[in-house]
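What follows is a set of notes on a single structure, which appears directly below.
The values are calculated or read from the model by the stated rules, or taken from the named source; none is laboratory data. The structure displayed is predicted, hence computed values, not measured ones. Neighbour counts run over all protein chains shown; Cβ positions are idealised from the backbone, glycine included.
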Amino acid sequence: MIEVETTLREWGKSVGLVVPKEALRHEQLKAGQKVVLLLLKKTSALKDTFGVVKLKKNTDMILKEIDKEGWEE
């Protein structure tokens, strides 16, 4: 079993994948052979782990406020 990252491409009324020949050679696969695919949508590991943060202010505004307050004790 190998892991290959590829892009789905439109071909007429279908969608297909291109698998690099080197990956096929590694698994001793040839054109015309049947295979089983496990398809997973590529996602961000950080986004999946921590989710998305929605801030009321953009980061530039927050940084300007911090600068105004200063870092003095």
Condition first: surrounded by fewer than 10 Cβ atoms within 10 Å (Cβ to Cβ) and not charged (D, E, K, R). Now tell me which residues in region 26-43 satisfy that.
Q28, A31, G32, Q33, V35, V36, L37, L38, L39, L40, T43
For region 16-55, what are the residues that are among the basic types (K, R) and at pLDDT below 85?
K41, K42, K47, K54
Of the residues L63, L38, L46, only one is of a type in the set (A, V, I, L, M), assigned to a loop (DSSP other than H, G, I, E, B) and at negative phi; which?
L38
Return the residues of region 44-65 that are surrounded by 10 or more Cβ atoms within 10 Å (Cβ to Cβ) and β-branched (V, I, T); say none if nothing qualifies.
I62
Lone unmet requirement of (1) part of a helix (DSSP H, G or I); (2) free of Cβ contacts under 8 Å to residues at least 12 places away in the same chain; (3) surrounded by 10 or more Cβ atoms within 10 Å (Cβ to Cβ); (4) not acidic (D, E) for A23:
(2)
Restricting to region 2-20, name every residue that is exposed (fewer than 10 other Cβ atoms within 10 Å of the Cβ) and either part of a strand (DSSP E or B) or in contact (Cβ under 8 Å) with a residue 24 or more places away in the chain (or both).
E5, E10, W11, S14, V15
